[in-house]
1. Rounded to whole Hz and in sequence order, give me ³J(HN,Hα) for segment A:285-298 from the Karplus expression 6.51 cos²θ - 1.76 cosθ + 1.60, θ = phi - 60°, writing x for Gly and Pro.
2. Taking the Cα centre of the protein assembly as shown as the origin and placing charges on Cβ (Lys, Arg +1; Asp, Glu -1), which of A:110, A:372, A:152 is farthest toward the positive end of the dipole?
3. Is there a simple number for the mean count of other chain Cβ atoms within 10 Å of the Cβ of residues in A:59-71, and what is it?
4. Residue farthest toward the positive end of the dipole of segment A:13-130, with Cβ of Lys/Arg at +1 and Asp/Glu at -1: which of A:73, A:45, A:121?
5. For A:525, A:401, write out the residues from largest to smallest accessible area, computed with a 1.4 angstrom probe and no ligands counted.
6. Ignoring ligands and nucleic acids, what accessible area does residue A:306 show with a 1.4 Å probe (Å², nearest 10)?
7. What is the diffusion coefficient of segment B:3-130 in µm²/s, taking the Kirkwood radius over Cα pairs and the Stokes-Einstein relation at 10 °C with a viscosity of 1.306 mPa s?
8. Of all GluC sites (Glu not before Pro) in segment A:1-93, which ones are in loop regions per DSSP and have a Cβ with at most 13 other Cβ atoms within 10 Å?
Amino acid sequence: MAEALFDAIVVGSGPAGTFAARELAGRKVLVLDVGYRAPEGPPLAGSLYALRRERRDLFAELIGDGFEGLHNLHRDPVSLKLKSPRTSYVLRGWQALSPLVSTNFQAMMSFAQGGLANAWGAGVYRFNSEELRQFPLPAGELEPYYDELTAHIGVSGGNDDLVEFFGRDPSLQPPMRLSLLAAGILQRYQAARKRFRMRGITLGLPRLAVLTEPHNGRTPYAYDNLEFFQPYNPAIYNPVFTLDPLIASGALELARGWLVTHFRESAGVVEVYARHVETGAQETFRARNLLLGAGTLSTTRIVLASWRDEQARLPVLENPMACIPLFRLSRIGAALDVNDSSLAQLNVVYRDPESGELLQGSLYGTTGPLRSDVLFGFPLTARAALEWSKYLSPAMTLLMMFYPGRREPDNYIRLQGNALLVNYQWRGTGGPERALLRAFRRIGFHGLAALCQYPAAGSSLHYGCTLPMRAAPARYETGADGRLADTANVYVCDGACFSALPAKNLTFTIMANAMRIARGLRRKME
Amino acid sequence: MDRSDQARLDAEVRYLHDAFFSRPLAAEVVDRYIRAVRHCGLDEDRTAEKIVRSRLDAEAVEFALRLRGRGVALTRKIRILFYLVEVRSDYYADFVNETPLFGRALWRLAASLARTAWKLVKGSWLVWRHGFG
Ligand SMILES: Cc1cc2nc3c(=O)[nH]c(=O)nc-3n(C[C@H](O)[C@H](O)[C@H](O)COP(=O)(O)OP(=O)(O)OC[C@H]3O[C@@H](n4cnc5c(N)ncnc54)[C@H](O)[C@@H]3O)c2cc1C
């Protein structure tokens, strides 16, 4: 394989790498990936709450013989979805493979096949013309790719008030069933719609890459609440569902276990240097073109390391978050709605009158994680907290708002020796949270500004804009075709090449843009 | 881990369990607790041992220390215990409400607030009296 000259090498098999590679299938293409997979084992059969009630002991499945479920008790906290015995492979080894130093940016990277999308919430949203304003792309350029993606992965949702922000999509599968709480919110919103809209708040159904009907051999969502514990749920789109068949059919080659460190270009050939993560063996792979889809942070490292540049400070953006708990008082002490799901129930879009920014968020139920994950956040004794969580959970929903990424001169990413160094500061005013709390209070959902939480910068896992696309790119920027300035045949196809980071979840656009860049390259090859 | 450490952690988990749950403790939870405490690097901490030796109110001491930003290891040990029992069906009803109980729930919430206030007073006194660092 090392002797071969490929038409293209794609680094990474997350949403970016997978959809770039898919466009090039049939050519001589190699996907290089570390590519960890979930541990083998029989899937959990049934629903989380039925299993918990009926199976005497679920220690191996929910905590794990290696105590994976206790991760946040003794190590840097990670998303609750990424610390169960069967999902912890998503973050396996990332700190060793890609060290990152920061005092104010809590990043995470994945070296699994499928990348972070092994654990994603599957919210898929088209960027509209306002959100693409800073991208050097003609209007409507991404639409055909979004359409193709929708047909390929299957998207459920509705065409409601949010069409104004999400666009109308006639090809959606029916929306997911709402929990009692979410259905109540939507009903009351519809009655008070005018007042909400006047305050810049719009509510509606989320668009999710989660099937509610069979699609391409995959089965619909079973409302089993197992998202925190069970990988490869066929209803929730995962890039491995696309890449595995392409590899099996021979349309693409995949080399797993390889960590790409840097590249070099000479005489129309890109040499890609990689180290095997198990054996430590070094290898050089050769191709006419290189597509970097290793995730924003890892792609940035590869570029900086290739140019051996420890001086350059590149911009980096993420979506700061605010987490707002809301309570429906009349549901205190109700039976927990165990057929709820931990996926987004509703979306909220808010136009902040002060900044003019659009914020987007999702309402989640609380049935996904174990109670022990959240109990000790209450300012109560452990026993009192147990009672509160038991009786309040049925009444509680979490509104997770994303702010757009803002470009700040002091926020940067750079290479320092072997580590990426990130500085990221962000300070919100709390204004949007207060406005949302006021609006929800009017329809009977209560919360307190004091209970709002602001996860550390980096926790959104939405990273981008380190090598932004520009009409006339300078060094460390990319052209509209994704090509990295000062290179002949190196393309960036993940969030690193975004020109801006709106509050809307980015992955659908990462996929669409990766397709667009790879299709352009394919045309060039032909 | 030598035998005395094992015995110390064994006594500790039994004492902590009795402070929060009123049912017999399964041997496998004891074994997992001991391994988990080691795994999380908490086996050196002696706060819980002191509580067990002096038969103190673990709930009160933990809360008083937590509010002071201290006793991190003790809180983590109690969290480990909660995790280990939450995944067992015997404890399902401790964590998940299955029957609608609006009035009773309000009463229980109010009572647990009062309990928290009382435990804070008691815990603060115990922390001072027994010199928990
Ligand atoms: C809990 C959670 C919920 C989320 N929810 C949503 C959501 O609802 N909607 C949304 O839009 N997004 C969501 N995201 C974010 C989404 O998963 C990411 O935006 C997306 O996965 C990024 O895709 P990517 O291909 O650019 O990078 P990644 O998914 O990070 O994939 C990187 C790939 O590159 C490989 N790789 C990295 N470095 C190297 C290297 N040096 N050599 C070889 N291979 C390498 C990795 O093995 C991996 O295959 C969520 C993420 C998480 C964790």
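1. 9, 10, 8, 7, 9, 10, 10, 8, x, 8, x, 3, 6, 5
2. Of the options given, the answer is A:372.
3. On the way: counts 8, 1, 1, 3, 7, 0, 2, 1, 9, 0, 5, 9, 1.
The shielding value for this peptide is 4.
4. A:45
5. A:525, A:401
6. For residue A:306, the solvent-accessible surface is approximately 20 Å².
7. 101
8. Working: sites: A:3, A:23, A:40, A:54, A:61, A:68; in loops: A:3, A:40.
Loop-located and lightly packed - A:3, A:40.
The values are calculated or read from the model by the stated rules, or taken from the named source; none is laboratory data. As the structure is a prediction and not an experimental result, all values here were calculated from the model. When we count neighbours, we look across all protein chains shown, and the Cβ atoms used for this are built from the backbone with ideal geometry, even at glycine. Side chains included, ligands, DNA and RNA excluded: accessible areas come from the protein's heavy atoms. Shrake-Rupley method; radii C 1.70, N 1.55, O 1.52, S 1.80 Å.
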